[in-house]
Amino acid sequence: MSKTIFQHIIDREIPAKIVYEDDQCIAFEDIHPAAPTHLIVIPKKAIPTVNDVEPADEPAIGHLLGAIRTIAKQLGLDGGYRVVINCGPDAGQEVMHVHLHLLAGRKFTWPPG
Ligand code: 5GP
């Protein structure tokens, strides 16, 4: 299977504005931001979609929320933020490497588009 664009970012083969990294995950600025703050948070393990998460992966997926809490504190996102996961074509998932969108800096509406 060929590498996704996010795997290239993990491997430092294409540039990205990385804002957070630890042993299990990495977070970087989205190249087409949908809000003043728009980060992509991904596990270092290449898992294509939420449907491909295995029980053994669940701690690493849960870890992403801990990373988001840390990042939100670092960035002072005191007004709140939105976390989004797109899974599959109906949700518009473009990159087949599980990722959380962290969006902040404006008011969000509900339901999402
Ligand atoms: P999805 O639609 O799969 O949930 O979201 C993929 C996200 O990755 C999109 O918001 C898109 O702007 C972002 N993205 C796609 N290619 C790149 C890239 O090369 N670099 C960065 N930083 N973000 C990307």
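Considered as a group, the residues in the range 5-38 that are in contact (Cβ under 8 Å) with a residue 40 or more places away in the chain and within 9 Å of the ligand (Cβ to nearest atom) include one that is surrounded by the most Cβ atoms within 10 Å (Cβ to Cβ), and that residue is 6.
The sole residue among 29, 13 that is of a type in the set (D, E, K, R) and either in contact with a Ser or Thr (Cβ under 8 Å, 6 or more places away or on another chain) or under 17 Å from residue 105 (Cβ atoms) (or both) is 29.
Among the residues of the range 1-42, the ones that are in a loop (DSSP other than H, G, I, E, B), of a type in the set (A, V, I, L, M, F, W, C) and within 15 Å of residue 83 (Cα to Cα) come to 2 in all. Looking only at the range 99-113, how many residues end up being out of contact with any strand residue (DSSP E or B) (no Cβ under 6 Å at 6 or more places or on another chain) and surrounded by 11 or more Cβ atoms within 10 Å (Cβ to Cβ)? So the count comes out to 1. Restricting 45, 73 to residues that are surrounded by fewer than 17 Cβ atoms within 10 Å (Cβ to Cβ), without any contact (Cβ under 8 Å) to a residue 24 or more places away in the chain and assigned to a loop (DSSP other than H, G, I, E, B) narrows the list to 45. Only residues in the range 81-102 that are at pLDDT 95 or above count as the first member; pair them with residues that are more than 10 Å from the ligand (Cβ to nearest atom) and aromatic (Phe, Trp, Tyr), Cβ under 9 angstrom, at least 6 apart or cross-chain, and list the lot. Short answer, once both residue conditions are applied: 81/108; 82/108; 102/81.
The values are calculated or read from the model by the stated rules, or taken from the named source; none is laboratory data. Nothing here was measured: the structure is a model prediction, and the numbers come from that model. For neighbour counting, all protein chains shown are included, and Cβ atoms are generated from backbone atoms with ideal geometry for every residue, glycine included.
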